[in-house]
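Asks: Supplied in structure tokens, the structure appears directly below.
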Amino acid sequence: MEHDVVVVGAGVAGENAADRAGRTGLSVALVESEMLGGECSYWACMPSKALLRPGAALADTHDVPGLGGATLDPAAVFAYRDQVTHHWRDESQVSWARGAGLTVLRGIARLTGERTLSLTTATGVEELTARCAVILATGSQAAVPDLPGLLDAGFWTSHDATSTHSVPARLAVLGGGAVGLEAAQTFASLGSQVTLLVRGTRLMERAEPFAGAMVADALAEAGVQVRLGVRAERVWRDATGVHVGLDRAGVAEKVDADQLLVATGRRPATADLGLETLGLTPGAPLEVDEAGQVLGVVGDWLYAVGDVTGRTSTTHQGKYDARVTGDVVAARFGADLDVRVAETDAPPWSRYRASADAAVVPQVVFTRPEVASVGTTLAQAREEGRAVQVVDVDLADLAGATVRSREYRGRARFVVDPGRRVLVGATFVGPGVADMLHAATIAVVGQVPLDRLWHAVPSYPTLSEVWLRFLEGYGL
């Protein structure tokens, strides 16, 4: 089979790259071994947030006078999650892809040489050729630590945690990243006795310190036992459950549970792509340039987007990168001369990469409180030797917080480059702050002068008044 472009992996990054690549008349094949929509649609973003939402809504009712008394029904929560994931069926995604003019191929694709792949399907193996370009978008997979006894004892990964229909009486969560934190919150709200095991000395070590501290306090209030500074030594299972042997500063400890969730990070899914045929390292991230072209490969035919590049682990940034790369492929190889870019002109990705690069990636952890951040933290600025000014705002002092909840707790930090008088980073912690992040992202990416930002009047009474308090705190 021959196509102009072959996209391997039909998660959200692959879908976006394929859609954009086909906009100048190129024939595009989209190859997927599981389900179109990928990790985000079925085992990550969508199901995890669907599981978190009922608990957050219930907590909100407890803070509002005149409400209360409701409880969560786990079966109904799981049913809602099932609806959000379309019951793990991808007919709607396939219909969209075909409607966009893409050829959907089911199977496992592996590179065999320049612009050639083998496609293993249920009926056999055939050769697949890309006349112009191959785009790799196979995402990432759970990184399972080499922990004695773990494989024999059995465990959950995020796949299991987001697709289960049962609530363990006791759940141990190994890992304090976004997956572990959100799972701990979810299952605590559903009735599990949760123990969170974190190797570091605080939660969310890359975020502003107050963010992890506030999440830790909230988890403790929800009944989660948070153990910091512990290292898992071994795992075993017997008739009483699963057990994790720990070391805390040389002192042996143990956690007993009915189920263990391993949430110790993710790694690029590149181990079985045939990278060795091109002199690349299987299992390693694919290093790319600003156009998404894989470095170390002769010619302009191999590209990669999303988690496989190691540049980002967020769906939204993966989609952004995929749109860039899809447009590059469409411009370089497409038949529509009106949109092609001559070699002497600005590269086709230049309109994207003015400042929204991998260093300015917005991210939200959907715990309660939510943690939403973009750009530089104070610690990062100090490590880089950058002079910055910080303005902290207590969100509880805002009129919007008073209306929202009697006991609202939240905090925001703004990091400013005083020389250029622009915002370079922002962190918000509190209920409902996720939807506030995009304003900060625009300010950081757009390098909006603070003197101009002063004229963007926030509505009253909303949490957005934090911008007024920030600018007042800065002295405007």
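The values are calculated or read from the model by the stated rules, or taken from the named source; none is laboratory data. Remember, predicted model here, so these are calculated numbers, not experimental data. For neighbour counting, all protein chains shown are included, and Cβ atoms are generated from backbone atoms with ideal geometry for every residue, glycine included. Ligands, DNA and RNA are excluded from the accessible area calculation, which covers all protein heavy atoms including side chains. Shrake-Rupley method; radii C 1.70, N 1.55, O 1.52, S 1.80 Å.
Asks: Of all residues in region 412-434, count the ones that are farther than 16 Å from ASP394 by Cα and at pLDDT below 95.
Replies: 0
Asks: Within region 364-371, can one find any residue that is in contact with a Lys or Arg (Cβ under 8 Å, 6 or more places away or on another chain), surrounded by 21 or more Cβ atoms within 10 Å (Cβ to Cβ) and within 19 Å of TYR474 (Cα to Cα)?
Replies: Scanning region 364-371, I find no residue that is in contact with a Lys or Arg (Cβ under 8 Å, 6 or more places away or on another chain), surrounded by 21 or more Cβ atoms within 10 Å (Cβ to Cβ) and within 19 Å of TYR474 (Cα to Cα), so the answer is no.
Asks: Residue check: is GLU233 open to solvent by 20 Å² or more (accessible area, probe 1.4 Å), of a type in the set (Asp, Glu) and touching a strand residue (DSSP E or B) at 6+ places or on another chain (Cβ under 9 Å)?
Replies: yes
Asks: Do the conditions hold for TYR42, that is, is it under 30 Å from GLY191 (Cβ atoms), surrounded by 22 or more Cβ atoms within 10 Å (Cβ to Cβ) and hydroxyl-bearing (Ser, Thr, Tyr)?
Replies: Yes.
Asks: Let me ask something else. For GLU15, are the conditions met, namely being of a type outside the set (A, V, I, L, M, F, W, C) and either surrounded by 19 or more Cβ atoms within 10 Å (Cβ to Cβ) or touching a His at 6+ places or on another chain (Cβ under 7 Å) (or both)?
Replies: yes
Asks: Looking at the structure I just gave you, is GLY55 open to solvent by 10 Å² or more (accessible area, probe 1.4 Å) and touching a residue at least 12 places away in the same chain (Cβ under 8 Å)?
Replies: Judged against the criteria, GLY55 is a match.
Asks: Can you name the strands (runs of 3 or more DSSP E) wholly within region 78-152 that have at least 3 residues being out of contact with any Cys (no Cβ under 8 Å at 6 or more places or on another chain) and free of Cβ contacts under 8 Å to residues at least 24 places away in the same chain?
Replies: Filter on region 78-152 gives 116-121.
Asks: Also, quick follow-up: In this structure, does PRO47 turn out to be within 18 Å of HIS159 (Cβ to Cβ), part of a helix (DSSP H, G or I) and not aliphatic (A, V, I, L, M)?
Replies: Yes: the conditions hold for PRO47.
Asks: Go through (1) outside any strand (DSSP E or B); (2) out of contact with any Leu (no Cβ under 7 Å at 6 or more places or on another chain); (3) open to solvent by 20 Å² or more (accessible area, probe 1.4 Å); (4) not small (Gly, Ala, Ser) and name the single condition VAL167 misses.
Replies: (2)
Asks: Right, here's the next one. What residue, of PRO148, PRO74, is modelled with pLDDT of 95 or more, farther than 21 Å from GLY14 by Cα and in contact with an Asp or Glu (Cβ under 8 Å, 6 or more places away or on another chain)?
Replies: Answer to the check: PRO148.
Asks: Please determine whether any residue of region 329-350 is at pLDDT 90 or above, within 18 Å of PRO268 (Cα to Cα) and part of a helix (DSSP H, G or I).
Replies: No.
Asks: Given the options GLN389, GLN380, GLN447, name the one that is among the polar types (S, T, N, Q), within 22 Å of LEU203 (Cα to Cα) and surrounded by fewer than 20 Cβ atoms within 10 Å (Cβ to Cβ).
Replies: GLN380
Asks: Could you list, ordered by first residue, the pairs with Cβ atoms under 9 Å in which the first is in region 9-20 and touching a residue at least 40 places away in the same chain (Cβ under 8 Å) and part of a helix (DSSP H, G or I) and the second is open to solvent by 20 Å² or more (accessible area, probe 1.4 Å) and of a type in the set (A, V, I, L, M), at least 6 apart or interchain?
Replies: So the pair list comes out as GLU15/ALA100; ALA18/ALA100; ASP19/ALA100.
Asks: Additional query: Under 7 Å by Cβ, and 6 or more places apart or on different chains, what pairs join a residue from region 263-280 that is without any contact (Cβ under 8 Å) to a residue 60 or more places away in the chain with one that is surrounded by fewer than 19 Cβ atoms within 10 Å (Cβ to Cβ) and of a type in the set (D, E, K, R)?
Replies: So the pair list comes out empty.
Asks: Let me confirm something: among ALA263, ALA218, ALA211, which residue is surrounded by 14 or more Cβ atoms within 10 Å (Cβ to Cβ), of a type in the set (Gly, Ala, Ser) and farther than 30 Å from ALA396 by Cα?
Replies: After ruling out the rest, the residue left standing is ALA263.
Asks: For region 106-119, which positions are open to solvent by 20 Å² or more (accessible area, probe 1.4 Å) and at negative phi?
Replies: Correct list: ARG106, ILE108, ARG110, THR112, GLU114, THR116, SER118.
Asks: Can you find, within region 58-77, the residue that is nearest to the chain's Cα centre (by Cα) among those that are surrounded by 15 or more Cβ atoms within 10 Å (Cβ to Cβ) and part of a helix (DSSP H, G or I)?
Replies: VAL77
Asks: So for region 381-392 (the condition being farther than 18 Å from PRO431 by Cα, out of contact with any helix residue (DSSP H, G or I) (no Cβ under 7 Å at 6 or more places or on another chain) and among the hydrophobic types (A, V, I, L, M, F, W, C)), does at least one residue qualify?
Replies: Yes, region 381-392 contains at least one residue that is farther than 18 Å from PRO431 by Cα, out of contact with any helix residue (DSSP H, G or I) (no Cβ under 7 Å at 6 or more places or on another chain) and among the hydrophobic types (A, V, I, L, M, F, W, C).
Asks: Next up: Looking at region 415-429, is at least one residue in a loop (DSSP other than H, G, I, E, B), at negative phi and within 29 Å of the chain's Cα centre (by Cα)?
Replies: no
Asks: Does region 175-185 contain any residue that is acidic (Asp, Glu), farther than 30 Å from VAL329 by Cα, in contact (Cβ under 8 Å) with a residue 60 or more places away in the chain and part of a helix (DSSP H, G or I)?
Replies: For region 175-185, residues acidic (Asp, Glu), farther than 30 Å from VAL329 by Cα, in contact (Cβ under 8 Å) with a residue 60 or more places away in the chain and part of a helix (DSSP H, G or I): present.
Asks: If you go through region 21-41, how many residues are in a helix (DSSP H, G or I) and among the polar types (S, T, N, Q)?
Replies: The total comes to 2.
Asks: Could you list, in sequence order, all residues of region 101-123 that are of a type outside the set (Ser, Thr, Tyr) and at pLDDT below 95?
Replies: ALA122
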